[in-house]
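Written below as structure tokens is the structure these notes are about.
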Amino acid sequence: MSASGGTKAIVAALVANLSIAVAKFVAFLFSGSSSMLAESVHSLADSGNQGLLLLGGKKAKREATPEHPFGYGRERYIYAFLVSIVLFSVGGMFAVYEGYEKIKHPHEITAWYWPVGVLIFAIIAEIFSFRTAIKESNQTRGNRSWTEFVRRSKAPELPVVLLEDLGALVGLVLALGGVGLALATGNGVWDGIGTLCIGILLIVIAIILAVETKSLLLGESAGLEEVEKIKAAVVDGDTVTGIIHMRTLHLGPEELLVAAKIAVRHDETATEIANAINAAENRIREAVPIARVIYLEPDIFNAEAAAAGTTPGDPSDAPAPAPAPDPAPAPAPKDLGH
């Protein structure tokens, strides 16, 4: 699991959601509130989602095989994507359907103290879970905003738990509002409206999670800060004079592939180049510890090829071409005599 402490946040959310799901379902049985039914299904879906995240973290730890030589780090992205599907279908669509039915066929809420009491308990439990997720996220968030953290984080667990907990808290407020208005007015339509709003909220969160996780599944590069560290670590100013082009790819949240074509001096021996590459790999791993797989290809920088586009990458990363030697003076004409 993520070194950022994602397991702790997932377990806290799992315990909270399981207890809340049971309490909400009991409240639904006694009161008949559709908001309670939608919220119980929502909490049950969230519990399943946390189970998926834990399963994905466990499967991602498997050793690499000949069939999967880069390991199974992306299992965590796959299971996070499954979370978005479950949240959309089991949580969001069910709540929308239940809300529509209760708006179309409203009925009075009985035993009002059950849904109100359970909702207050659920809000307290979700605040505890949300607080744990925030605390764990702050260990790796740095100076990034929360939006930037959710969008740029390479470990999917904490953003998923954060969005789920936020959606759960807002959903509980919507459910409490729907139940409260239904009790105050005696009109069960408000309960259905609250349920419908919960469904729309869950669908929006599920879409956000799906979009962000899809980007991770497709393969994201290292962050700008890591890329700059890698570039600085590669060049030694002696044998390795620059980077012709470089690509990075996350094989998992804590595993990075680095592939680069590096410029070396044309008069270096093969032994000197090999030693320089080994030293560059060590510097990269010291600067960016998650750089586990590194491929460096030596080459002689050609400014004309780079300008023509036959050498991939940004020519600005490469060293400046050496100045052309002064042309040799033309030979003096021979004296042919008379």
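The values are calculated or read from the model by the stated rules, or taken from the named source; none is laboratory data. Just so it is clear, the model here is predicted, and its values are computed rather than measured. Note that we place each Cβ from the backbone using ideal geometry, even for glycine, and neighbour counts take in every protein chain shown. Heads up: the accessible areas ignore ligands, DNA and RNA and are worked out on the full protein's heavy atoms, side chains in. Shrake-Rupley method; radii C 1.70, N 1.55, O 1.52, S 1.80 Å.
For the chain, the fraction of 1.4 Å probe accessible surface lying on carbon and sulfur atoms is 64 percent.
Calculated accessible area for segment 33-175 comes out at 47 Å² per residue, all protein chains present (probe 1.4 Å; ligands, DNA, RNA ignored). Counting only aspartates and glutamates at least 8 places from Lys102 when in the same chain, those with an alpha carbon closer than 15 Å to its own are Glu39, Asp191.
Can you tell me the 0 to 90 degree angle between the C-alpha axis of helix 75-86 and the longest principal axis of the chain, rounded to 10? Its long axis makes an angle of about 30 degrees.
Each Cα pair under 8 Å and six or more residues apart adds its separation to the average, and for segment 132-226 the resulting relative contact order is 24 percent. Given segment 172-271, what whole percent of its Cα pairs are spread farther than 16 Å? Percent of Cα pairs beyond 16 Å in segment 172-271: 72. For segment 1-143, what is the relative contact order in percent, using Cα pairs closer than 8 Å and at least 6 residues apart in sequence? Across segment 1-143, relative contact order equals 37 percent.
May I ask for the angle, rounded to the nearest 10°, between helix 157-185 and the longest principal axis of the chain, with both axes built from Cα atoms and the value confined to 0 to 90°? The helix 157-185 is inclined about 30 degrees to the chain.
Remark: segment 29-38, residue by residue, has Karplus-estimated 3J(HN,Hα) of 4, 7, 10, x, 6, 5, 4, 5, 5, 4 Hz, where x stands for each Gly or Pro and the curve is 6.51 cos²θ - 1.76 cosθ + 1.60 at θ = phi - 60°.
One Cα centroid belongs to segment 168-187, the other to segment 234-282; the line between them spans 60 Å. For segment 94-136, just say rounded, prolate or oblate: build the C-alpha gyration tensor, square-root its eigenvalues into a ≥ b ≥ c, call rounded for a/c under 1.5, and beyond that prolate if a/b exceeds b/c, oblate if not. Note, shape of segment 94-136 comes out oblate.
Relative contact order of the chain: 18 percent, from C-alpha pairs under 8 Å at least 6 residues apart in sequence.
The calculated 222 nm mean residue ellipticity attributable to helices in the chain amounts to -20500 deg cm²/dmol, summing -39500 (n - 2.57) over DSSP H runs of n ≥ 4 and dividing by all residues. Partner lysines whose Cα lies under 28 Å from the Cα of Lys214, excluding those fewer than 8 positions away in the same chain, are identified as Lys8, Lys58, Lys59, Lys61, Lys135, Lys154, Lys229, Lys231. For the chain, the spread of Cα coordinates along the three principal axes comes to 128, 41, 37 Å, biggest extent given first. Here the chain is treated with +1 on each Lys and Arg Cβ and -1 on each Asp and Glu Cβ, and its dipole about the Cα centre works out to around 1060 debye.
In segment 121-184, Rg over Rh equals 1.11, where Rg is the alpha-carbon radius of gyration and Rh the Kirkwood radius from pairwise Cα distances.
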